[in-house]
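Values in this text are rule-based calculations from the coordinates and carry no lab data. Please read all numbers here as calculations on a predicted model, not as lab measurements. A quick note on method: Cβ atoms are made from the backbone with ideal geometry, for glycine too, and the neighbour counts reach across all protein chains shown.
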Amino acid sequence: MKLNLSDNLFGFDLPDSAGQRIVRKGFELFVGVATCYLAWKWGLYTLRIADVVLPLGVARYVDISFMHGNSLPVWNAVLISLLTVLGFGGFKGIGRWAYSVAFVLLVFQYAARYSLGEIPHSANLAGMGLLGFALGRLFFTDPLNGSRFSIGFSYLFIGLGYVFAAWSKLIATGIFWPDGSHLWMWINEKAVDEISRSGFVELNFVQEWAMNSRLLATTFLAVGLLTEFFAFLVWFKRFRYATMMAILGLHMGIWMTMDILFALSVWELSILGLPWAVWIDYFIQKRLKHQLPN
């Protein structure tokens, strides 16, 4: 059977299984935990910020100075956590809107925390995961289709996000972005940060390989760039697991070469990038066969 893009991403009309339901609920739990973690992490840090230095995100359009100089970020974290629990519990009424309100409040929490000008990327996938579940609850009355949309929305964003990341690199630097000397510069910059923090630095074996060979360093960057460019293949089931593992490998490469670990992204890619549903269904079928009388 030939599948169109909608079937590949959402599978509204395709057969469902216990393994798929468990994975979707497990992914929703991960997104909920990540949302609460970020809300509290950002909220507690915001207590140390006196004012907006550089407006980012929603702060470019809304004055968020009211988020500073008081305990509002903590109460915001409390409310986000409560709404996330209500959304995960699937309570009727407010439960349908809970993820949407939590997402809006999280956007304000993000803008308040990073009003000093720093722009992180580690929370993007988790945040878009929350948006996916919010939209799934709002626009689908059938919980099954709503959850299918939510996880498909994450696959859609993963493909778009990494492709645009590759495109932005070429817009900023041109076709010479994957030059090994750029990786040398980034490794040295991280080394300076490490020296200022601990007083010494020791390169790992991957960093030493890259520093000793410009060709190898260029190869690392080129492979990473190509991986991002072809990330849209996660939209198609035939290539999904291989592409997700390649993206996960990209993050492992970033960690080994530049000592930057996008932990939440790695967790999300591990949940969505491995055939957990197939393994769970196989385990269930095997258990049922053993329970059947001879």
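So the values come out like this:
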| read-out | value |
| --- | --- |
| Residue exposure sequence - TYR110, TYR99, TYR61, TYR241 - by fewest surrounding Cβ within 10 Å | TYR61, TYR241, TYR110, TYR99 |
| Dipole of region 196-294 [Lys/Arg +1, Asp/Glu -1 at C-beta], most positive-end residue of ASN212, GLY199, GLY273 | GLY273 |
| Unit Cα scatterers, Debye sum, the chain: log10 I(q)/I(0) for q = 0.07 Å⁻¹ | -0.33 |
| Check: the chain dipole with +1 on Lys, Arg Cβ and -1 on Asp, Glu Cβ, in debye | 1020 |
| Linear extension gain, VAL78 paired with ALA18, 0.36 nm per residue minus alpha-carbon span | 18.3 nm |
| Kyte-Doolittle mean at least -1.0 and Cα axial length at least 20 Å: DSSP H helices in the chain | 18-46, 72-89, 94-113, 124-139, 143-173, 180-198, 214-229, 237-258, 276-291 |
| Only Lys, Arg (+1) and Asp, Glu (-1) charged, at Cβ; region 165-232 dipole about Cα centre in debye | 140 |
| Residue among GLY127, ILE171, ILE64 farthest towards the positive dipole end of region 53-173, charges placed on Cβ | GLY127 |
| Set of region 65-95 residues, backbone N closer than 14 Å to the point 7 Å along the Cα-Cβ line of LEU47 | 68-78 |
| Distance in nm between pseudo-label sites at VAL33 and VAL163 (7 Å out along the Cβ direction from Cα) | 3.2 |
| For the chain, calculated [θ]222 nm from helices alone, where every DSSP H run of n ≥ 4 adds -39500 (n - 2.57) | -24000 deg cm²/dmol |
| Residues MET185, MET128 arranged by fewest to most Cβ contacts within 10 Å | MET185, MET128 |
